[in-house]
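Enquirer: One structure is given below, represented as structure tokens, and several questions about it will come after.
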Amino acid sequence: MHDKQAPDYKFEQFFPLIIEESTDNRNYVKKSVNWALRHIGKKNIHLNKKAIEIAQEIHKIDSKSAKWISSDALRELKSEKVQKRLNNKF
């Protein structure tokens, strides 16, 4: 996340793993998946839109941890504060 010049595809490659691990009920895994999705989605507006799509996809999975991850991520990624910051970046 600290590499500001890294291309988007370097982050997008983690989306399949995030989806796959979103059903893991272990607390640290659940929090890590959520953290990864939220932080990727706050890098730029393009990744924000992709992360929101992934969170919506995760929300359709029949799993308590997947629902928690997606709800929490969507709340932050769609927040006015995050959207304002990303839209003012360019």
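Enquirer: Given (1) over 9 Å from the mean Cα position of the chain (by Cα); (2) at pLDDT 95 or above; (3) outside any loop (DSSP other than H, G, I, E, B); (4) of a type in the set (A, V, I, L, M), identify the lone condition not met by V33.
Expert: Status for V33: all satisfied but (1).
Enquirer: Test R75 against the stated conditions and say whether it is exposed (fewer than 13 other Cβ atoms within 10 Å of the Cβ) and either in a helix (DSSP H, G or I) or of a type in the set (K, R) (or both).
Expert: yes
Enquirer: Report, by residue number, each residue of the range 33-60 that is out of contact with any helix residue (DSSP H, G or I) (no Cβ under 8 Å at 6 or more places or on another chain) and either in contact (Cβ under 8 Å) with a residue 24 or more places away in the chain or surrounded by 15 or more Cβ atoms within 10 Å (Cβ to Cβ) (or both).
Expert: H39
Enquirer: In the range 48-77, which residue that is farther than 24 Å from K10 by Cα and small (G, A, S) is farthest from the chain's Cα centre (by Cα)?
Expert: Among those residues, the one meeting the criterion is S63.
Enquirer: Criterion first (crowded, with 19+ Cβ neighbours inside 10 Å, farther than 21 Å from K89 by Cβ and either within 8 Å of the chain's Cα centre (by Cα) or modelled with pLDDT of 95 or more (or both)) does S22 satisfy it?
Expert: Here the answer is yes, as S22 does meet what is asked.
Enquirer: Which condition from (1) of a type in the set (K, R); (2) outside any loop (DSSP other than H, G, I, E, B); (3) within 13 Å of the chain's Cα centre (by Cα) is the one that K43 breaks?
Expert: Just one mismatch for K43, condition (2).
The values are calculated or read from the model by the stated rules, or taken from the named source; none is laboratory data. No experiment lies behind these values; they were computed from the predicted model shown. Glycine gets a Cβ as well: all are built from the backbone with ideal geometry, and neighbour counts include every protein chain shown.
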